[in-house]
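Note sheet for the following structure.
The values are calculated or read from the model by the stated rules, or taken from the named source; none is laboratory data. Only a predicted model underlies this, so the values are computations on that prediction, with no experimental measurement involved. Virtual Cβ from ideal backbone geometry, glycine too; neighbours counted across all protein chains shown. Side chains included, ligands, DNA and RNA excluded: accessible areas come from the protein's heavy atoms. Shrake-Rupley method; radii C 1.70, N 1.55, O 1.52, S 1.80 Å.
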Amino acid sequence: MDLERVDQAVKVLGGVTLLLMGSGWVIEEFGVELKLSGFTHLAGPLYIAAFAVGLPTFLLILYARNLRDKGILQLAALNNWRVDQNFGRKGTGFFSDYKKIGSVDITDLPLFKSATQLRNALVNADGFADVIGVKTGSGDSSVMQTVYCFQNQSGSPVFQIHKESVVSKLGQMVSGSVGADRDIDFDEDRDFSDSFVLKGDEEEAVRALFVGSLRQYFCEHPSMHDWVIESSREITIFYQRAQLAPPDAILSQRKECLSIHRKLDGYRQRF
């Protein structure tokens, strides 16, 4: 079974497990009493069924991880990458004294500030991690996302840009009311401002970088809506929130991100 099918099976079985557990809890909590094979409450059989589905789901998760690791190793062997399967964990190694990829400082990037683990890093011959699996959060709320990393050819203002969603709009209304973490809008370009959230501490420098032609480029390329882009002075990263790319999609996604990065670098040189 390939990784895509295993991941699909995990999603389906995981959903069934949660549904069974949730149904059992609701029935037990609200005291719905039914006679079924000796059980006073229907909750008992539902919990048993949840365990019966949850166990193979857990085993499939382990199998999917094994398949992904093998795929990453094969990808690295074909593209002159070294694989570091435990690139960093909070409190040790990568996170203990500083935050760098190779010699590049990444302390200005929000994703890495919230990272709890870096795994399956694809490291090039210069010691720079071109692709990293980044875990954020902990426990049930943890997620992994594939992050593509590029070194800037010219100095850059620090910024983050991503698609503006309904949730983003509500968040901006709240943050704007207290004067913190504001979206940088362009009154003369409502299409761009209504489509993207653009943030940066050095607002004037960010505005100077995002001139009209660059804003037009973002608006005219639908793939821009797929990515969260974060730039420090030395490095730019691309990721899709909570999306871990299958190994066979990494090269095409990285190529797409590299094209956007080169466009940004061209404007940085002018800046």
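Annotations
- Within the stretch 95-145, tally of residues that are outside any helix (DSSP H, G or I), open to solvent by 30 Å² or more (accessible area, probe 1.4 Å), farther than 19 Å from Lys70 by Cα and among the polar types (S, T, N, Q): 7
- Of the residues making up the stretch 209-250, just one is out of contact with any helix residue (DSSP H, G or I) (no Cβ under 7 Å at 6 or more places or on another chain), farther than 30 Å from Val6 by Cα, open to solvent by less than 50 Å² (accessible area, probe 1.4 Å) and part of a helix (DSSP H, G or I), namely Gly212.
- The set of residues in the stretch 140-162 being under 30 Å from Ile61 (Cβ atoms) and among the small types (Gly, Ala, Ser) consists of Ser141, Ser142.
- Residue pairs whose Cβ atoms lie under 9 Å apart, sitting 6 or more positions apart in sequence or on different chains, and linking a residue in the stretch 209-222 that is among the β-branched types (Val, Ile, Thr) to a partner that is modelled with pLDDT under 95 and assigned to a helix (DSSP H, G or I), are Val211/Tyr267; Val211/Arg270.
- Given (1) basic (Lys, Arg); (2) out of contact with any strand residue (DSSP E or B) (no Cβ under 7 Å at 6 or more places or on another chain); (3) surrounded by 16 or more Cβ atoms within 10 Å (Cβ to Cβ); (4) modelled with pLDDT of 95 or more, number of the condition Arg262 does not satisfy: (3)
- Of the residues making up the stretch 46-85, those that are in a loop (DSSP other than H, G, I, E, B) and either in contact with a Leu (Cβ under 8 Å, 6 or more places away or on another chain) or modelled with pLDDT under 85 (or both) are Asn79, Trp81.
- Filter pass, Ser193 being open to solvent by 10 Å² or more (accessible area, probe 1.4 Å), outside any loop (DSSP other than H, G, I, E, B) and free of Cβ contacts under 8 Å to residues at least 60 places away in the same chain: no
- Filtering the stretch 198-208 to residues that are farther than 18 Å from Gln269 by Cβ and open to solvent by less than 30 Å² (accessible area, probe 1.4 Å) leaves Leu198, Gly200.
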